[in-house]
Amino acid sequence: MAQWLEQDDGLSLSETAQVLGSSVSFVVANLAGRSVGVAAKLDKALLRQVEWAPGRTPGAGP
């Protein structure tokens, strides 16, 4: 997910950490015996709230 934010939305590593740290939610998708599946979810609508620096637009890459 971090690579997706960096490559597709042009966020820096620091910006990616801030978005994921404050906005991601985790769901236990599978719990059977010793196997556990966890999914990270991020509402794409939250990316529209990111304050972009002048000259940078979402989806424009680095």
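Within segment 1-19, the set of residues being in contact (Cβ under 8 Å) with a residue 40 or more places away in the chain, more than 17 Å from A45 (Cβ to Cβ) and within 10 Å of the chain's Cα centre (by Cα) comprises just one member, E6.
Name the residues in segment 8-52 that are assigned to a loop (DSSP other than H, G, I, E, B), modelled with pLDDT under 80 and surrounded by 10 or more Cβ atoms within 10 Å (Cβ to Cβ), would you? Spell out how you get there, then give the answer.
Taking segment 8-52 first, the residues assigned to a loop (DSSP other than H, G, I, E, B) are 10-12, 24, 33-34, 42-43, 50-52.
This time we only want the ones that are modelled with pLDDT under 80, so: 50-52.
If the condition is that a residue be assigned to a loop (DSSP other than H, G, I, E, B), modelled with pLDDT under 80 and surrounded by 10 or more Cβ atoms within 10 Å (Cβ to Cβ), then V50, W52 are the ones that fit.
The values are calculated or read from the model by the stated rules, or taken from the named source; none is laboratory data. Owing to the predicted nature of the structure, the values given are computational and were not obtained by experimental measurement. Please note: Cβ atoms are built from the backbone with ideal geometry, for glycine as well, and neighbour counts cover all protein chains shown.
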